[in-house]
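Note sheet for the following structure.
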Amino acid sequence: MTPETLPPASRTSLRRRLDQFGIGLAGLCAVHCIATLVAISALGFGGHLFLFDENIHRIGLALALVVAGIAIGWGLLRHGRMLPFGIAVGGLVLMATALLVPHGANEFLLTLAGVALVSLGHLLNLRAAR
C-alpha cells in the first residue's frame with residue numbers, strides 16, 4: 001500500500017510518525033556519540049571496540065536518509081516549504097562528511113551537528129504540516 005492510497009488522516013498520521021521516528025533516531029545517534037566519548041574518556045577504551053564500528057555509522061546514516069527522505073520529502077510535497085528540507089539535507093551532509101574523517105573530535109562534532117540539523121528539519125516539517 002503506497003502513502004497515496006491511504007485516507008488523508010492516515011497519511012498525515014504516518015508522515016507525523018515518520019518525523020517523530022526521525023527525531024528519535026537522531027536522539028539515539030547523539031546518545032551513541034556521547035556514550036562513546038564518555039566510555040573512551042572515562043575507561044580508556046581503545047578504538048577497536050564495537051562503539052567505533054564504522055557499520056554503526058553507515059547504518060545510522062542510511063536509516064536517517066530513508067526516514068528523512070520519506071518524511072521530509074513527503075512534507076515538502078504537502079506544504080511546499082523548503083526550509084525543513086534544506087536544513088535536513090545540510091544535516092545529512094554533515095553526517096556523511098563525518099564518515100570521511102578519522103575518529104575523534106571532528107567526527108564527533110560533525111555527527112552531532114548533523115543529527116541536530118536533521119532533527120530540527122523533522123521538527124520544522126511537523127510544524128509546517130499543521
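One residue alone among L117, L94 is buried (at least 16 other Cβ atoms within 10 Å of the Cβ), without any contact (Cβ under 8 Å) to a residue 24 or more places away in the chain, within 27 Å of R15 (Cβ to Cβ) and of a type outside the set (D, E), and that residue is L94. Summed over the range 100-110, the residues that are at pLDDT 90 or above and either surrounded by 19 or more Cβ atoms within 10 Å (Cβ to Cβ) or part of a helix (DSSP H, G or I) (or both) give a count of 3.
Within the range 66-83, residues that are outside any helix (DSSP H, G or I) reach no partner that is crowded, with 19+ Cβ neighbours inside 10 Å with beta carbons closer than 7 Å at six or more positions or on different chains.
Residues in the range 70-81 that are surrounded by fewer than 20 Cβ atoms within 10 Å (Cβ to Cβ), touching a Leu at 6+ places or on another chain (Cβ under 9 Å) and closer than 25 Å to L110 by Cβ: 1 in all.
For the range 53-67, the condition holds for no residue, the condition being that it is within 17 Å of R130 (Cα to Cα), at pLDDT 85 or above, of a type outside the set (V, I, T) and surrounded by 14 or more Cβ atoms within 10 Å (Cβ to Cβ).
The values are calculated or read from the model by the stated rules, or taken from the named source; none is laboratory data. Predicted model only: the values in this text are computed from it and were never measured. When we count neighbours, we look across all protein chains shown, and the Cβ atoms used for this are built from the backbone with ideal geometry, even at glycine.
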